[in-house]
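As structure tokens, the structure follows; a few thoughts come after it.
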Amino acid sequence: MSARPEPLPNTGFPHRHLLGTEGLSAGEITFLLDLADSYVDVGRDAEMKRTRLRGRTVINLFFESSTRTRTSFELAGKRLGADVISMSVAWSAIKKGETLIDTAMTLNAMHPDVLVVRHPESGAVKLLSEKVNCAVINAGDGSHEHPTQALLDALTIRRRRGGLAGLTVAICGDILHSRVARSNIYLLNTLGARVRVIAPPTLLPAEVERLGVESFFDMRRGLEGCDIVMMLRLQTERMQGSFVPSIREYFRFFGLDRDKLTAAKPDALIMHPGPMNRGVEIDSEVADDIDRSVIREQVEMGVAVRMACLETLTRDWHAAGAGAGA
Amino acid sequence: MKPIPATAKAAEAVAYVNARLLDPASGLDGRGALVTRGAQIAELGPQLFAEGVPDGMAVIDCGGHCLAPGLVDMRVQLREPGEEHKETIETASRAAAAGGVTTLVAQPNTDPVVDDVAGVEFVARRAREVKLVKVFTYGSVTRRCEGAELTELGLLSEYGAVAFTDGLRAVADANVMRRALSYARTFDLVIAQHPEEPALATGVMNEGELATRLGLPGIPAAAEVIMVERDLRLVELTGGRYHAANISTRAAISRIAEAKARGLRVTCDTAPHYFSLNENAVGDYRTFAKVWPPLRSEGDRAAVAEAVADGTIDAIASDHSPHDQDSKRLPFQVADFGIVGLETLLPLSLEPVHRGQMALIDLLACLTCRPAEICGLAVGRLAEGCAADLVLFDPERPWRIDPDSFRSKSKNSPFDDHPVQGRVLRTVVDGRTIYQADA
């Protein structure tokens, strides 16, 4: 079978896949955000079903458990009229038998239009994308990237603040293992925001400053003058005396509570990719503050952003008239 | 490779004329001829056959190319017994022959581990049956390479184990290492170490910006020098003989240089990928560049190249580590570590020579007499009475590496399409031509 033609370069997003935010231009990001913005109202309509992706097939392939990201992609696809199938596969079972490449080839033979893939290993989604003929969206690979999360964060900020340029954003928590942090660092820098990371050195990756951030070990100093505070989820299994000594010590020094938040700008927004560990990285009082916390809004933007990504990555095939499996 | 009939018969004399003779052990580098009789070098020199070759002697015209002792590769993983789908003693021997390697020393990390006399004898027997290159083996320092109980170093060496190492595993326990170095003095044996502090070496590539961007756990350069420093203290304490394998960092090189200056009995080696590639070869999750220790920063790469040129690094080994496709076509973090190297050892090692960093004869010392000396092997020399193990090569001939053409069962090389200069033309073991390049 012949590969489909490459997407046309004049569509605003000249990429076949969405594997990360590293390397995307400001124009490409803005293109996706503008389209996503137009889909926010679709989600709020009583009659929200659209038909742009009618006849298209989206397969969600999750090698790592996830509820919200998978549901968000499912809804995004369905609201655009696509047929969406979700598969959860235990990576531990795959590792011993069928290889990742076999799985990719099998699904490829069913001619999906988009594969949405989450995988616990960094680089696995890229490996898979090299073996299939359809568009691939990275829904999170190991500690590498989670581009739709960064896009939905950017959309949330943009709608609240009008833009990202010139804002100071602090990302706090387990930067070392976080794909959300990496995707956000690249995207925010590209759109002209200043990025800080705040964590104990055990949770900061080597030479993180080279990614274009300022790093802080002291939460109050790091939060000083910030417009946006992004908290990251801390895996509790990393807390028992390995990367940090205990949950209570972590919360004492790195958990976001009202007291530490006073260091940030008075109108600073609080974000979290979820699911939250209340009392570990974030205090409930702060998380539920309706004036400051935009955590639920992030979830809503997630669907809009994923609609924009699904549409963009299928649009070009349509234009070229080469949609296989239709 | 079928032996070439003209040179196959024992005790027959073969004249290699019109050669550039290179013997790093004696410093000989000049035009001349060499004659082998049976399995030995009978005579060599600039004036030999000046009056013409006597009748009845087979003649090989070297075409002005380099004739040197066959390469001695002091670190090869054979995978037999246990993982014959990746490599066997036969396929590794064919790969060695094509790479100009006439003697190789196998790592003991097979399944089962070469930790008893039967293991040593198995390798020797298979090598005799294959009858291509000379295959020796390390014995493991500890049983099953588990780092706890010492193996029978004395008995193993009596049966032919040339040195001792736990392969890719560092002997982590300081007391076990102390006893190994100390006990090995009884028989004047070398303990070769894979010097990485295992608790720090849990990542999959060099620690730094690239690992951070790729979201992969890194191995800090310090993991190497920490183990080297500890081991050097133990060498000082015990008076043992120590060899650090696969040196990849500037810091470790400078510690080893200091130890040598202090008169400790210390040697070290590296592999071509540590001076011809840096961590950027990992690029976009290229698992073929996943190797242990990891490819390092550009600064460390340059330091390894300098240390090869100035002689701080005694030997270059291929670090031949065959892996099948299924072990490499995986997400980076779960793919196996290792690069195949037998067939690229010479051309990649010639890079510092072509860059003008060192003389050809000094480079050849790293590939012949010096590793032979470390392992106590009477090979790697071009002299009367020595084994007729030879490599004929053209150091200038340009080509591009093509892993698909490898004799090795495994093709896991990051040097696909890498341009190199230097081609093996003929490989001779005990007077027998076992490899000849296509014209």
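Listed values, structure above:
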| item | result |
| --- | --- |
| When residues of segment B:306-324 are limited to those that are open to solvent by 10 Å² or more (accessible area, probe 1.4 Å) and in contact (Cβ under 8 Å) with a residue 60 or more places away in the chain, the one farthest from the other protein chains (Cβ to nearest Cβ) | B:314 |
| Selection within segment B:150-184 - loosely packed, with under 15 Cβ neighbours inside 10 Å and closer than 20 Å to residue B:229 by Cα | B:173, B:174, B:175 |
| When residues of segment A:279-319 are limited to those that are modelled with pLDDT under 90 and not in a loop (DSSP other than H, G, I, E, B), the one surrounded by the fewest Cβ atoms within 10 Å (Cβ to Cβ) | A:319 |
| Residue satisfying all of: in segment B:197-223; within 11 Å of another protein chain (Cβ to nearest Cβ) and among the hydrophobic types (A, V, I, L, M, F, W, C); farthest from residue A:177 (Cα to Cα) among these | B:221 |
| Unmet requirement for residue B:326, which otherwise passes all of (1) acidic (Asp, Glu); (2) modelled with pLDDT of 95 or more; (3) more than 20 Å from residue B:69 (Cα to Cα) | (2) |
| One residue from B:253, B:226 being more than 14 Å from every other protein chain (Cβ to nearest Cβ) and closer than 25 Å to residue B:105 by Cβ | B:253 |
| Tabulated pairs, segment A:259-287, first within 23 Å of residue A:71 (Cβ to Cβ) and charged (D, E, K, R), second part of a loop (DSSP other than H, G, I, E, B) and open to solvent by 10 Å² or more (accessible area, probe 1.4 Å), C-beta under 8 angstrom, 6+ apart or interchain | A:281/A:233 |
| Flag for residue A:4 being modelled with pLDDT under 85, assigned to a loop (DSSP other than H, G, I, E, B), over 15 Å from residue A:115 (Cβ atoms) and among the basic types (Lys, Arg) | no |
| Matching residues, segment B:290-301, being over 16 Å from residue B:195 (Cβ atoms), touching a residue at least 24 places away in the same chain (Cβ under 8 Å) and outside any loop (DSSP other than H, G, I, E, B) | B:299, B:301 |
| Yes/no for residue A:213 being of a type in the set (Val, Ile, Thr), crowded, with 19+ Cβ neighbours inside 10 Å and over 29 Å from residue A:65 (Cβ atoms) | yes |
| Subset of segment A:248-262 (residues that are in a helix (DSSP H, G or I), open to solvent by less than 50 Å² (accessible area, probe 1.4 Å) and of a type outside the set (Ser, Thr, Tyr)) | A:251, A:254, A:260, A:261 |
| Residues satisfying the stated conditions in segment A:188-204, i.e. more than 14 Å from chain B (Cβ to nearest Cβ) and not in a strand (DSSP E or B) | A:188, A:190, A:191, A:192, A:193, A:200 |
| Cβ-Cβ under 8 Å pairs, at least 6 apart or on other chains, segment A:109-128 side on the phi > 0 side of the Ramachandran plot and facing chain B (nearest Cβ under 9 Å), far side of a type in the set (D, E, K, R) and surrounded by 24 or more Cβ atoms within 10 Å (Cβ to Cβ) | A:123/A:141 |
| Failed criterion for residue A:174 (all others in (1) under 23 Å from residue A:27 (Cβ atoms); (2) within 14 Å of another protein chain (Cβ to nearest Cβ) hold) | (1) |
| Of residues in segment B:197-240 being surrounded by fewer than 24 Cβ atoms within 10 Å (Cβ to Cβ) and acidic (Asp, Glu), the one farthest from residue B:257 (Cα to Cα) | B:209 |
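Residue-wise test of (1) away from chain A (no Cβ under 14 Å); (2) in a strand (DSSP E or B); (3) closer than 24 Å to residue B:139 by Cα.
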| position | (1), (2), (3) |
| --- | --- |
| B:330 | no, no, no |
| B:370 | yes, no, yes |
| B:376 | yes, no, yes |
| B:383 | yes, no, no |
| B:393 | yes, yes, no |
| B:399 | yes, yes, no |
| B:420 | yes, yes, no |
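The values are calculated or read from the model by the stated rules, or taken from the named source; none is laboratory data. Owing to the predicted nature of the structure, the values given are computational and were not obtained by experimental measurement. Please note: Cβ atoms are built from the backbone with ideal geometry, for glycine as well, and neighbour counts cover all protein chains shown. Note: accessible area is taken over every heavy atom of the protein model, side chains too, but ligands, DNA and RNA are not part of it. Shrake-Rupley method; radii C 1.70, N 1.55, O 1.52, S 1.80 Å.
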